[in-house]
Amino acid sequence: MRTILYIIQKEFLQVFRNKSMLPIIFIVPIVQLIVLVNAATYEMKHIRVSVVDLDLSSTSRKLVSKFQGSPFYRIQKTSFSYREAEDQMKRGNVDMILQVPAGFEKKLLKEGQAKVQFVINAINGQSAGLTNAYSTMILLDYNREVVLENATPAMMAGIRSIQTDYSYWFNPKLNYKTYMVPGILVLLVTIIGLLLSGMNIVREMEIGTIEQINVTPIRKIQFITGKLMPFWIIGLFELAFGLSVGKLLFNIPMEGNLGFIFLSAAVYLFVILSFGLLISTITHTQQQAMLVSFFFMVVFILMSGLFTSIESMPPWAQKLDRLNPLMYFIRIMRMVLLKGSGFADISRYFWSLVVYAVFIVSLAIWRYRKVA
Amino acid sequence: MPENSIHVQSLTKRFGETLALDDVSFDVARGELFGFIGPDGAGKTTLFRILTTLLLADKGICNVEGLDVVKDYRKIRRISGYMPGKFSLYQDLTVEENLKFFATIFGTTIRENYSLVKDIYQQIEPFKNRKAGKLSGGMKQKLALSCAMIHKPEVLFLDEPTTGVDAVSRLEFWQMLNRLKESGITILVSTPYMDEAGQCDRVALMQNGRIMTISTPNEVIRNYPLSLFSVKSGDIYQLLSELRLYPGVHSVYAFGQSAHVSFNDRNIEKEILSDFLKKNHHESVSITPIEATIEDCFMELMNTPAKEKTT
C-alpha cells in the first residue's frame with residue numbers, strides 16, 4: 001500500500017512538473033466549454049431571407065411582416081425578381097427565398113386559397129429541415145388569422161379547430177446550452193482519461209524506465225494502480241471544475257443529486273482509464289498510443305449522442321453503440337442534471353458501466369501482464 | 001547457502017531465427033567481479049535480462065544466489081540490482097527524487113543504506129536538486145549505479161555501464177566497482193571494450209550467443225597460442241594485403257595505426273619478414289614482437305572453429 005502511495009506521489013510530481021499539463025487541466029475545459037457550447041448549436045438564428053413579393057398587397061405584406069417579426073429571420077433583401085433572389089442564394093448570401101406570386105391577395109379572397117413559395121438552401125440538410133419547419137409554422141399561424149379575419153360570425157360558429165400548445169419538458173426554453181454542457185463535460189473527462197493515461201504508461205516503455213521498474217519487487221498491479229490513480233483523481237477534479245464553470249458561465253440546471261454524477265463518473269473513469277491501459281499494451285510509442293486513442297475517441301464521440309440523437313441512428317449502429325461508454329455517461333449526465341433523475345432511472349446505464357468497467361479492467365490487466 | 005553466486009547451465013534463448021544465447025554455461029563465485037566481453041549482438045544483454053528475470057529462457061538452468069529465475073523471480077528481484085544499458089531513470093525527477101523513489105519501492109530509505117552508496121553518491125550530491133535528464137553522461141551513470149544499489153543488493157548486474165562515457169569517467173567507474181567488490185557484492189558487468197577486461201577478476205569472451213572462453217584476463221593472454229608482431233609502415237592498406245601473402249602467416253588485421261600479424265611458428269625471424277617487406281617497396285618498416293592483448297585473443301578465438309576450441 002505504501003508503495004502504491006509512493007508511486008502516486010511520484011506520478012503527481014511528474015504531472016505537475018510537466019509544463020503543458022496545468023494548462024490542459026485548467027484552461028482546456030474553459031475554452032472547450034465556451035467555444036463548443038456556443039458554436040455547436042442547432043438553434044436557427046438569423047435565417048437570411050430574400051423576399052420576392054410580386055403581389056405587394058396588404059395581405060402579402062402582413063405575411064412578410066410575420067417573418068420580419070420573428071427573431072429567427074432576417075430579411076436580407078427585397079426584390080421583384082425571382083432570378084435576382086436565386087442569384088443571391090447561389091452566391092450563398094441568403095438561406096431562403098420567400099416568393100409571393102402576383103394576385104395572391106385576390107386569389108385568397110376569391111377562391112379561398114392561394115400559394116406562396118419557400119425555396120430553402122439545403123446544403124446543410126439539418127438546418128434546411130429546421131428552416132422549413134419554422135417557416136411552415138409561421139405560415140400556419142398566419143393562415144389561422146386570415147381565416148378568422150374573413151369569417152362571418154355564422155361561419156365562426158361552424159369552425160372547429162384544434163389548437164396545439166407546446167410545453168417543452170426538462171428544457172422549457174429549448175436552451176441548447178443546457179443540453180450541450182453536460183455532454184461536453186463528458187468529452188473533457190474522456191480526453192483526460194483516455195489520452196493522458198495511455199500515453200503515460202507508454203512513455204515509461206519509450207524511455208525505458210519500465211525496465212528499471214520491472215526488476216524491482218513492485219507488483220504489476222501496484223504499478224498499474226499507482227499509474228492510473230492520479231488520472232482518476234484528476235478526471236474527477238476536472239468534472240467538478242467543469243461543472244462549476246458550467247454553472248457560473250451558463251447557469252446550467254442541476255436538478256438531480258450530484259452524488260449520482262460523481263458515482264457514475266468514478267465508474268466511467270475506470271472504464272476509460274482501462275481503455276487507455278489496453279491501448280498502451282498494443283502500442284510502443286506515445287505517438288502510436290495517441291493515434292489509436294484518437295481513433296477510438298472520434299468514433300465514440302460521434303456516436304455518443306452528443307451532437308446527433310442516438311434514436312435516429314440505424315438499428316445496427318444503435319446496437320453497436322452499446323459498446324460506447326460515452327453514450328452511457330452522457331445519458332446519465334443529462335438525465336441527472338436536466339431531468340433530476342434518481343438512481344432508479346439511471347440504474348440501467350449505471351450498471352452497464354459497472355459491467356463494462358469490470359470487463360475492460362480485467363482485459364487490460366490480462367493483456368498488460370502478458371505483454372510487459 | 002550455495003557456493004556460487006550465479007549458476008548457469010546450458011542456457012539457450014532464441015528470437016525467431018536468431019540464436020541469441022547458444023548453450024551458455026558458467027558459474028560466478030560470491031564477491032567476484034565478472035566481465036562479459038563481446039561485440040554488439042553477442043548476447044550479453046539477453047543473458048542479463050534472463051538473469052534479472054525480465055526475460056524467460058527457452059532452455060537451461062539459471063540460478064541467482066541459489067534461487068531459480070523463473071520460480072523465485074520475486075525473491076531475486078529483492079536481492080539484485082540492475083543497471084540497464086540505456087539510461088532508464090526518470091529524467092524529469094531530480095537526482096534525489098530518483099534515488100528516494102527506488103529506495104522506497106524496495107521498502108528502504110536513503111539514510112538506511114547511505115553508507116553503501118556514499119562513495120558514489122557523494123560525487124553527485126551537490127547536484128541533487130538537478131533533474132536527472134540534465135546530468136552529464138558520467139553523472140547519469142553514477143546516479144544509475146546508486147539507484148541500482150540503494151537496496152543493498154547481493155548481486156549487481158551492470159549492462160554496458162561504460163558505453164558512451166568518456167575515457168576518464170570509464171576508468172573512474174571501474175575503480176568504483178573494485179571498491180564495491182570489497183564489500184562482498186557479486187558484480188556482473190558486460191562491456192564491448194576489450195581494454196576493460198583487465199579490470200575484472202574473470203572474463204567470459206562472448207560471440208554470437210556463445211561463450212568462447214572463461215578465465216582470468218592474464219590466463220586468457222597466457223593461453224594465446226601464436227607469436228604476434230606489430231608491424232608499422234607508411235601505407236597500412238598495402239601492408240595488410242602484402243602481409244597476407246607472406247608464407248606461414250596465420251592472421252593479419254589492422255590494429256589502430258599498425259597491423260598485427262600472427263604466426264603459428266614460434267620461431268619466426270623478424271629480419272626475414274623485414275627483408276620481405278622492404279623488397280615490396282615498404283620504406284620505413286618497424287616490426288616489434290608484442291604480447292597479445294585481450295583483443296588479439298578475441299580475434300583468435302573468433303577465427304577458431306568451435307570444435308577445435310573444446311579440444
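The values are calculated or read from the model by the stated rules, or taken from the named source; none is laboratory data. Just so you know, these numbers come straight off a predicted model, no measurement behind them. When we count neighbours, we look across all protein chains shown, and the Cβ atoms used for this are built from the backbone with ideal geometry, even at glycine.
Checking A:Val64, A:Val52, A:Val31, A:Val15 one by one, the residue that is over 30 Å from A:Tyr134 (Cβ atoms), surrounded by 17 or more Cβ atoms within 10 Å (Cβ to Cβ) and either modelled with pLDDT of 80 or more or not assigned by TED's automatic domain parsing to the domain that holds A:Phe241 (or both) is A:Val15 and no other.
The set of residues in region A:238-264 being hydroxyl-bearing (Ser, Thr, Tyr) and surrounded by 14 or more Cβ atoms within 10 Å (Cβ to Cβ) consists of A:Ser264 alone.
Looking at this structure, is A:Ser264 away from every other protein chain (no Cβ under 14 Å), among the hydroxyl-bearing types (Ser, Thr, Tyr) and within 30 Å of B:Val70 (Cα to Cα)? So A:Ser264 does not fit the description; no. Looking only at region B:178-214, residues that are assigned to a helix (DSSP H, G or I) and buried (at least 19 other Cβ atoms within 10 Å of the Cβ) come to 5 in all. Taking region B:119-132 as the region of interest, how many residues are part of a helix (DSSP H, G or I) and more than 14 Å from chain A (Cβ to nearest Cβ)? Total meeting the criteria: 9.
For region B:79-90, filtered to residues that are more than 7 Å from chain A (Cβ to nearest Cβ) and modelled with pLDDT under 90, the residue that is surrounded by the most Cβ atoms within 10 Å (Cβ to Cβ) is B:Phe87. Just one of (1) surrounded by fewer than 21 Cβ atoms within 10 Å (Cβ to Cβ); (2) under 17 Å from B:Phe34 (Cα atoms) fails for B:Thr162. It is (1).
Put simply, of B:Asp159, B:Asp235 the only residue that is of a type in the set (Asp, Glu) and touching a strand residue (DSSP E or B) at 6+ places or on another chain (Cβ under 6 Å) is B:Asp159. The residues of region B:132-168 that are β-branched (Val, Ile, Thr) and more than 25 Å from B:Gly43 (Cβ to Cβ), listed by number, are B:Ile150, B:Val168. Restricted to region A:113-131, and to residues there that are in contact with a helix residue (DSSP H, G or I) (Cβ under 9 Å, 6 or more places away or on another chain) and loosely packed, with under 11 Cβ neighbours inside 10 Å, the residue that is nearest to A:Leu98 (Cα to Cα) is A:Lys115.
Of the residues making up region A:225-232, at least one is touching a Ser or Thr at 6+ places or on another chain (Cβ under 9 Å) and within 14 Å of another protein chain (Cβ to nearest Cβ). For the residues B:Lys100, B:Lys71, the requirement of being modelled with pLDDT of 90 or more and basic (Lys, Arg) singles out B:Lys100. Say whether the condition of being in contact (Cβ under 8 Å) with a residue 40 or more places away in the chain and either away from chain A (no Cβ under 14 Å) or more than 18 Å from the chain's Cα centre (by Cα) (or both) is met by at least one residue in region B:66-75. Within region B:66-75, one or more residues are in contact (Cβ under 8 Å) with a residue 40 or more places away in the chain and either away from chain A (no Cβ under 14 Å) or more than 18 Å from the chain's Cα centre (by Cα) (or both). Being farther than 14 Å from B:Leu89 by Cβ and either within 11 Å of chain A (Cβ to nearest Cβ) or within 26 Å of the chain's Cα centre (by Cα) (or both) holds for only one residue in B:Leu145, B:Leu116, B:Leu135, and it is B:Leu116.
Residue count for region A:174-199 satisfying the condition of being over 14 Å from A:Tyr328 (Cα atoms), of a type in the set (S, T, N, Q) and in contact (Cβ under 8 Å) with a residue 24 or more places away in the chain: 2. Selection within region B:91-112: residues that are at the interface with chain A (Cβ under 9 Å from one of its Cβ atoms) and within 27 Å of the chain's Cα centre (by Cα). The member of this set that is farthest from B:Ile150 (Cα to Cα) is B:Gln91. Annotation: of all residues in region B:47-65 being more than 13 Å from chain A (Cβ to nearest Cβ) and under 15 Å from B:Ser10 (Cβ atoms), the one that is surrounded by the most Cβ atoms within 10 Å (Cβ to Cβ) is B:Leu47.
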